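Below: the structure, in C-alpha cells.
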Amino acid sequence: MMRSWGNRADTVVIDEPFYAFYLARTKKDHPMADEVMSEGERDWPKVVASLTKEGLPNGARVFYQKQMTHHLLPEVAREWLLSLTNCFLIRDPAEVMASYLKKNDDPSLEDLGFMQQREIFDWVREQSLTVPPVVDADDVLQSPERILRLLCQAVGVEFDPAMLKWPPGLRETDGVWAKHWYGEVARSTSFQPYKPKVVQVPKDLSKIHEQCRECYEHLRRFRLGS
C-alpha cells in the first residue's frame with residue numbers, strides 16, 4: 001500500500017516513524033535494531049511533531065504515513081491522531097503470523113499488533129464520532145482498483161491510476177530496515193494476484209491466533225467494499 005500511494009505525484013510517504021522509539025523503549029531484539037535506533041528519532045513527541053506539522057515538501061498535497069500499531073506504545077498520546085485522516089489496513093491473522101514466523105519464531109500477542117489496532121480504531125471512532133476507513137488486504141488483492149477508488153473517496157482524495165503500478169526497487173523513503181524486510185516489496189511492480197491460502201497456525205500459538213482473529217473480525221465488519 002505504501003508503494004501504491006508513494007507512486008502518486010502529489011504524495012509523500014513516511015515509513016514506520018515510531019520504529020526507533022519502539023525499539024529503544026522495549027529493547028526488542030529486532031534485526032538491525034542498532035542501525036534503526038541510530039538513524040531514527042527516539043523521542044516520540046518529536047516524531048508526533050514531524051507528522052503533524054503544516055506544509056509538505058515539493059508542493060505535495062497528501063502525506064501518507066505508514067504506521068505499525070504496536071509501535072504506538074501506551075505512553076504515546078493519542079490526541080494527535082485526530083488531526084490526521086486515519087485508515088486501517090487489516091490482514092488475516094494466520095497469514096500475518098506465517099509471515100512473522102519467517103523472521104521471528106516466538107511472537108507474543110503484543111508483537112503482532114492486532115490488540116493495539118483494535119484499541120486505536122475504537123479510540124478514533126469514539127473520539128471522532130465517525131467510522132475510519134478499513135481496508136482488508138485480501139479485498140485489495142482481489143480488486144485493487146475498486147478498493148483503492150473506495151479508499152480515495154472515503155478520504156476525499158481523487159483516485160490516481162498511478163496507484164496500480166510502480167517501478168521495482170527500494171526507495172529513499174523506505175526505512176533503513178528495508179534491505180532486511182522488503183525483499184518481496186522491492187521486486188513488486190503492482191499488487192500481486194489474489195491466491196487463496198490455507199495457513200496452519202502452530203498449536204502453541206493457537207490462543208494468540210484466536211485473540212488476534214477476534215480483533216481482526218471486529219474491524220472487518222467495517223471494511224470498505226463489504
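Give the residues of the stretch 52-76 that are farther than 13 Å from residue 87 by Cα and either aliphatic (A, V, I, L, M) or outside any loop (DSSP other than H, G, I, E, B) (or both), sorted by residue number.
Just the residues of the stretch 52-76 that are farther than 13 Å from residue 87 by Cα, to begin with: 52-62, 70-76.
Across the stretch 52-76, the qualifying residues are 52, 56, 57, 58, 59, 60, 62, 70, 71, 72, 73, 76.
Any residue that is more than 19 Å from the chain's Cα centre (by Cα) and surrounded by 13 or more Cβ atoms within 10 Å (Cβ to Cβ) - is there at least one of those in the stretch 51-58?
yes
Quick grid of which residues meet (1) more than 17 Å from the chain's Cα centre (by Cα); (2) surrounded by 17 or more Cβ atoms within 10 Å (Cβ to Cβ):
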site: 112; (1), (2): no, yes
site: 147; (1), (2): no, yes
site: 154; (1), (2): yes, no
site: 162; (1), (2): yes, no
site: 176; (1), (2): no, no
site: 196; (1), (2): yes, no
site: 199; (1), (2): yes, no
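Hey, can you tell me all the residues within the stretch 17-37 that are in a helix (DSSP H, G or I) and either of a type outside the set (Gly, Ala, Ser) or touching a residue at least 12 places away in the same chain (Cβ under 8 Å) (or both)?
Within the stretch 17-37, 19, 20, 21, 22, 23, 24, 25, 26, 34, 35, 36, 37 meet the criteria.
Kindly provide the set of residues from the stretch 13-29 that are surrounded by 18 or more Cβ atoms within 10 Å (Cβ to Cβ) and not aromatic (Phe, Trp, Tyr), ordered by number.
13, 15, 16, 17, 20, 23, listed by residue number.
Of all residues in the stretch 124-139, how many are of a type in the set (Val, Ile, Thr), in contact (Cβ under 8 Å) with a residue 60 or more places away in the chain and either part of a loop (DSSP other than H, G, I, E, B) or touching a Ser or Thr at 6+ places or on another chain (Cβ under 8 Å) (or both)?
Number of matching residues: 1.
FYI, it's all coordinate maths here, none of it is from the lab. Treat the numbers as computed from the prediction; the structure is a model and nothing was measured. With ideal geometry, Cβ positions are generated from the backbone for all residues, glycine too; neighbour counts draw on all protein chains shown.
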